[in-house]
Amino acid sequence: MDVRDVYVADPVRTPAGAPEPDPQSVIDREIAALHTAAARARTAGGPVPAHPRRDFAPYRSTRLRHPVQPLAAIDALRDPEAVERSGPVFGGTDVTTLDADLTRQHAGEPLGERITVTGRVRDRAGRPVRGQLVEIWQANAAGRYAHRSDRHPAPLDPNFTGVGRCLTDDAGRYAFTTVRPGAYPWHNHHNAWRPAHVHFSLFGTAFAQRLVTQMYFPGDPLLPYDPVLAACTDPRARERLVCAYDPDLARAQWSLGYRWDITLDGPSPTWTEEDH
């Protein structure tokens, strides 16, 4: 999920001639059917997918967003830089500690519940992934992105842009200070709301290896109704996308602490949106 799924129009008015969006009950039945089918396949010894399906029907926009044509061929020997030419571009400065503290990037302090999110990035053998570039982006405490396409009528926060980055240390550990994002409406179905979440990006050793995923918060009542999270049909995989509150990570008089570890591959990976 990215900003293309956020609120971009009047949620009350439906364009003339357009079908009415499905209610939550329809989405719930579709999710339940797909989860049941996946559970039966696992019980029968079928393969467990490494990533969510490209087209997960309850997540409506996957019908339009996943590739349906053959991948474009790139001659890496003739033009080795072509592989990364469409990748994201960063500024000309090195990563600093300020990049990892989203509450200190403006003149004032942002509104919302201040949180610290930290964890370790490991490979399939449990070894730390050192020097990994980790990016996050998120909505503000009111559930709005600082993005021109987001027209959700929630307030923007002039002291919160919602983006950060850091490098993992020798133990594979990353850490961010931010505010807990708010839920927001989106146009997947009638009265659809996305649960609070933080987007994570890990770059490997090249842009072409980039992995993107989302971290959710424990106890969020919207989790069972979210078709993005439900695209992970393995319940254990969904659990691995939810962080854990850790009082030892909380900073006294400052922020609540959450732990979220990321496993890049192996039998228990953190699911990513690689195929969407």
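The values are calculated or read from the model by the stated rules, or taken from the named source; none is laboratory data. No experiment lies behind these values; they were computed from the predicted model shown. A quick note on method: Cβ atoms are made from the backbone with ideal geometry, for glycine too, and the neighbour counts reach across all protein chains shown. Side chains included, ligands, DNA and RNA excluded: accessible areas come from the protein's heavy atoms. Shrake-Rupley method; radii C 1.70, N 1.55, O 1.52, S 1.80 Å.
Brief remarks follow.
- Looking across region 116-132, the residues that are of a type in the set (D, E, K, R) and not in a loop (DSSP other than H, G, I, E, B) come down to 120, 122.
- Among the residues of this structure, residue 201 counts as one that is under 30 Å from residue 30 (Cα atoms), at pLDDT below 95 and under 14 Å from the mean Cα position of the chain (by Cα).
- Flag if residue 170 is open to solvent by 10 Å² or more (accessible area, probe 1.4 Å), in contact with a Lys or Arg (Cβ under 7 Å, 6 or more places away or on another chain), in contact (Cβ under 8 Å) with a residue 24 or more places away in the chain and not in a strand (DSSP E or B): yes
- All positions within region 69-115 that are modelled with pLDDT under 75, part of a helix (DSSP H, G or I) and open to solvent by less than 100 Å² (accessible area, probe 1.4 Å): 80, 82, 83, 84
- Failed item in (1) more than 13 Å from residue 204 (Cα to Cα); (2) over 14 Å from the mean Cα position of the chain (by Cα); (3) not in a loop (DSSP other than H, G, I, E, B), with residue 159 passing the rest: (3)
- Test: residue in region 42-51 that is in contact with a Ser or Thr (Cβ under 9 Å, 6 or more places away or on another chain), closer than 14 Å to residue 228 by Cα and in a loop (DSSP other than H, G, I, E, B): yes
- Some residue of region 127-137 being within 18 Å of the chain's Cα centre (by Cα), closer than 18 Å to residue 243 by Cβ, at pLDDT 95 or above and open to solvent by 40 Å² or more (accessible area, probe 1.4 Å): yes
- Each residue in region 175-189 was checked for being out of contact with any Ser or Thr (no Cβ under 8 Å at 6 or more places or on another chain) and not in a loop (DSSP other than H, G, I, E, B), and 3 of them qualify.
- All positions within region 141-152 that are open to solvent by 70 Å² or more (accessible area, probe 1.4 Å) and free of Cβ contacts under 8 Å to residues at least 60 places away in the same chain: 148
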